[in-house]
Amino acid sequence: MDRGALPAIFNNNPSIHANTMRVPHPYAEQDAVSYTEFAKQSYATGHHELALRYQLRSWVLGYWLDSAMRGRAIAPRAVEAVLREAEAQGNVVRVALDCFVENVASRRVAEKTGFELEWRTRAAHVKDGKLRDIYTFITMATDKTNYLRFTVPAAGADRPALFVTEFEASDAAALEAIFNSDPAIHANSMHIEASYTRDSAAAFIAKTRASYAAGYHELAVRADTEHGPIVGSLTITERTLRQGFPAAVHAPTGLPQGLLVTWMLGYWVHAPMRGRGIVPRVLAATQSEAERQGNVVRADLVAFIQNTPSKRAAEKAGFVVEGLIRAAGVKDGVLVDIYQMAWVAPQFRRGEN
């Protein structure tokens, strides 16, 4: 990034300020210093100020052009080059591009390079003191979606293997029946409605399948086979671990290079299957999968303080209570307290007994 050239470019091109969220106008030398230092420090966390921001298996693009270079198809060519790189890397399944709704040129670039309009977010950003709407365009390589799947080993003849897989469209009827017949699932979760319709289930499944690329895995726990009946669910939300230094400095400290992540877990078990040790077994298998992946530092979960069975099941799987968070959320119109619990992967523990 050429720090010296930035003030001249940005000050001579007010349209860059007009169509981007973070470029100020006028643009001072100190702005350039701060920007380039931020860009350098951000590479370690996957934020590349080249024209892309990388997070897990999802890329979000942004760009600007000097006015003297417009009209030469530079933006479409740059976007196409990024898409080829995403294809080459093999694990990028979603690429998004945001632009202000007034920015017709950027919208045309997105459409010309194969993006589709996913949604319009109203009042999404304050620009020069005014609320602005934003279009989000996406393109997806759905054939490369990296669904997280693993098996929970059998634990005796009366506790056969379980299969953790993605939800399928055909599961909508089963989810509707489970949630409406089992009020305890609603009572002990933040987001499951008390009265659950088939449309709610279908929308939930569609959302989960679209969210895998961003590190959100809402998974079915099945009996018998990988397509068997649903006995519960496991949610894994993957987030990049906060890091203050480039990944390259990890090697001398013994940490693996590359992005380190945390997993936020959630789960439920259908009433007829409770009391059979399913939650500890699923959590143990999740821990094994985290260790296998090698870059999962810790797994977190929360439990309402009144949900003693969930807390005990997590403790049985090696999770420890790190704290009690008061008034952590609203459930059925009432503020609720939760336990924050965590498990740290063995290779990342620091002298713990």
How many residues are out of contact with any Leu (no Cβ under 7 Å at 6 or more places or on another chain) and closer than 24 Å to Pro153 by Cβ when one looks only at region 314-339?
4
Can you work out which of the residues in region 333-353 that are open to solvent by 50 Å² or more (accessible area, probe 1.4 Å) and assigned to a strand (DSSP E or B) is nearest to Gln287 (Cα to Cα)?
Tyr339
Restricted to region 316-332 and to residues being in contact with an Asp or Glu (Cβ under 9 Å, 6 or more places away or on another chain) and surrounded by 17 or more Cβ atoms within 10 Å (Cβ to Cβ), the residue modelled with the highest pLDDT is Phe319
In the set Val320, Val302, Val330, the lone residue that is among the β-branched types (Val, Ile, Thr) and over 23 Å from the mean Cα position of the chain (by Cα) is Val320
Scanning region 75-114 for residues that are β-branched (Val, Ile, Thr) and under 18 Å from His17 (Cα atoms), which turns out farthest from the chain's Cα centre (by Cα)?
Val104
Against the condition acidic (Asp, Glu), touching a Phe, Trp or Tyr at 6+ places or on another chain (Cβ under 9 Å) and more than 22 Å from Leu234 (Cβ to Cβ), how does Asp337 come out, does it pass?
yes
Please work out if Ile185 is buried (at least 16 other Cβ atoms within 10 Å of the Cβ) and assigned to a helix (DSSP H, G or I).
yes
For region 302-310, does any single residue satisfy the condition of being within 29 Å of Gly156 (Cα to Cα) and among the aromatic types (Phe, Trp, Tyr)?
no
Tell me which of these Leu117 doesn't satisfy, since it passes every other one: (1) closer than 27 Å to Pro14 by Cα; (2) at pLDDT below 80; (3) under 23 Å from the mean Cα position of the chain (by Cα); (4) loosely packed, with under 15 Cβ neighbours inside 10 Å.
(2)
Would you mention how many residues in region 333-353 are closer than 18 Å to Trp268 by Cα and either modelled with pLDDT under 90 or in contact with a helix residue (DSSP H, G or I) (Cβ under 7 Å, 6 or more places away or on another chain) (or both)?
2
Among the candidates Thr240, Thr225, Thr286, single out the residue that is modelled with pLDDT of 90 or more and under 20 Å from the mean Cα position of the chain (by Cα).
Thr286
Can you find, within region 281-315, the residue that is most open to solvent (accessible area, probe 1.4 Å) among those that are farther than 18 Å from Tyr339 by Cβ and part of a loop (DSSP other than H, G, I, E, B)?
Asn295
Out of curiosity, is Pro272 farther than 17 Å from Pro153 by Cα, modelled with pLDDT of 85 or more, open to solvent by 20 Å² or more (accessible area, probe 1.4 Å) and part of a helix (DSSP H, G or I)?
yes
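The values are calculated or read from the model by the stated rules, or taken from the named source; none is laboratory data. Keep in mind it's a predicted model, so treat the numbers as computed, not measured. Methodologically, a virtual Cβ is constructed for each residue, glycine included, from the backbone with ideal geometry; neighbour enumeration extends over all protein chains shown. Accessible surface areas use protein heavy atoms only, side chains included; no ligands, DNA or RNA. Shrake-Rupley method; radii C 1.70, N 1.55, O 1.52, S 1.80 Å.
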